Amino acid sequence: MFNTKSSNTPDTSKGMQSPSPFSSSASSPREDSPTTSASPSFGGYKPNMDLTSNSIKPSVISEEVVLTGNIKTPGALHIEGTVIGDLEVTSLVIGPTGTLQGNVNCSALNIRGKFKGASTCKELTISSSAQIDAKITYEEITLQRGAGLRGELHAANYVE
């Protein structure tokens, strides 16, 4: 980006003038520029291109948002607003101000707000601020004292 030459005269050693930093025409990379890698780089930051569920940042539905529709994502979802629809996510957190009306299929479900519907999950966490009217099937559960719970809880690994 900066020319390190001390003179203001054009560089004629290659038979052409140095491109202006404001030029919009494409030119070959300068000899002193760093080599590029296969992954894109943005100002020195190289985004993580691994799309496994552990590397994807959670999507957030903010407090003022009301979303109607189904959501399917390989990552995590955090709800602070209102969602009406069915969800298929890896991990779901319904925050203290969040409301969900619908069915959920996920690996981990953490309910701190309001949930009405049905869910199948591996890990279920219900906090004291939760208000639930649902049918939930789980493998592991953590339940805090004070949660409002109406509906059914079924242990998937329960054997009579």
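Taken together, the values in this text are just the output of simple stated rules run on the coordinates, not laboratory data. None of the values given here were measured: they were computed from a predicted structure. Counting neighbours? That spans all protein chains shown, and the Cβs are built from the backbone with ideal geometry, glycine included.
When each of GLU80, GLU152 is tested for being among the acidic types (Asp, Glu) and more than 19 Å from THR68 (Cα to Cα), the lone residue that passes is GLU152. Taking the criterion of being crowded, with 22+ Cβ neighbours inside 10 Å and charged (D, E, K, R), the only residue of the range 84-132 that qualifies is ARG112.
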